[in-house]
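A short write-up of the structure that comes next.
The values are calculated or read from the model by the stated rules, or taken from the named source; none is laboratory data. Since the structure is predicted, the reported quantities are computational estimates derived from the model, not experimental observations. As a convention, Cβ positions derive from the backbone with ideal geometry for all residues, glycine included, and neighbour counts pool all protein chains shown. Note: areas computed on protein heavy atoms with side chains; ligands, DNA, RNA excluded. Shrake-Rupley method; radii C 1.70, N 1.55, O 1.52, S 1.80 Å.
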Amino acid sequence: MKNINKGILFAGTTLLTLTRCAYGFEDTLYKMFEQTDIPRNIKFETEWKKIDVKTIIEQSLDCSDNVRKIFEEITKDEVGRLALRAFYQGQKTFGKKLRIIEDRPFITPDGEEVTNVFIEDDFAIYVDLAKLQKKDVTTIGWCNGRIFPKKETIINIIFHEFVHATHYVTDGERDNTMETLDKIYGNNSEKYLWTYCFPNPETQKFVHEEEFYTIHGTFWSNGQFQYNPINCGLFEANRQHKAGIPVENIVQRIFHKEYNAKYEKLSIQYIDKVTTDFKKIFVDENI
């Protein structure tokens, strides 16, 4: 596990080094985003970090007032602002506004209703707000070595899909590789808890690490683990940290599954390796 620890620590150590060089947390995020070897499909404008995020909401999103208010809440967070500004660079090149469709679920070719999903072909996020407000979405939480149910908020759900959209227009979704998860888990089948579904001959194409990348931000490139600060885990952790939750009590989401009690019985030796150094971002008292 030495290589895994060293690789994941790369992200945390780099961020801490930057914050201790008199940079604030937001500057740290931008420097991390620019200095990390994140694949880019597009060229960012010189002054991209200064673009007004509320203007981005108006110019780049096709959504209702209800959803606009959620994105205005996202702009209050440093990770949220970074995501919006990065998204804007890709969205302008792409040439279409991102639609947020909230009045109906997405219907799969098999007739299944999906209440929250980003669909590339439509360049749209489907989010059935009415249904989400009536029925809880409970994912798998992790804190202090314990697995438990984690109730998702609507802002977390929308931001998760928005990160997918940001990947799509800026650096490309990691939907054709399992390299990062293979480096961490090897042949251990628990890595598939992070993917869209378990592999079988019919659904093999859905087995990828885009969900892991979206939730955690870690990816393998040029022989080492690297970190994209535009990810759901950092967004949620930052909001918890600013709300006064001690670093050791920050709850992180693990896996891409809804909660089931059977997951509490799993002996998962890799999770702490993936998540522990993630929290070191908030150790510096100046953040």
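Structure data summary
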| item | result |
| --- | --- |
| Those helices (runs of 4 or more DSSP H) lying entirely in segment 32-108 with at least 2 residues among the charged types (D, E, K, R), open to solvent by 20 Å² or more (accessible area, probe 1.4 Å) and farther than 24 Å from residue 215 by Cβ | 53-60, 65-74 |
| Pick from segment 234-287, criterion at pLDDT below 75 and in contact with a Lys or Arg (Cβ under 9 Å, 6 or more places away or on another chain), ranking: surrounded by the most Cβ atoms within 10 Å (Cβ to Cβ) | 284 |
| Any hit, segment 115-133, residues being of a type in the set (Lys, Arg), within 20 Å of the chain's Cα centre (by Cα) and surrounded by 13 or more Cβ atoms within 10 Å (Cβ to Cβ) | no |
| Some residue of segment 160-179 being within 27 Å of residue 71 (Cβ to Cβ), in contact with a Gly (Cβ under 9 Å, 6 or more places away or on another chain), crowded, with 22+ Cβ neighbours inside 10 Å and of a type in the set (S, T, N, Q) | yes |
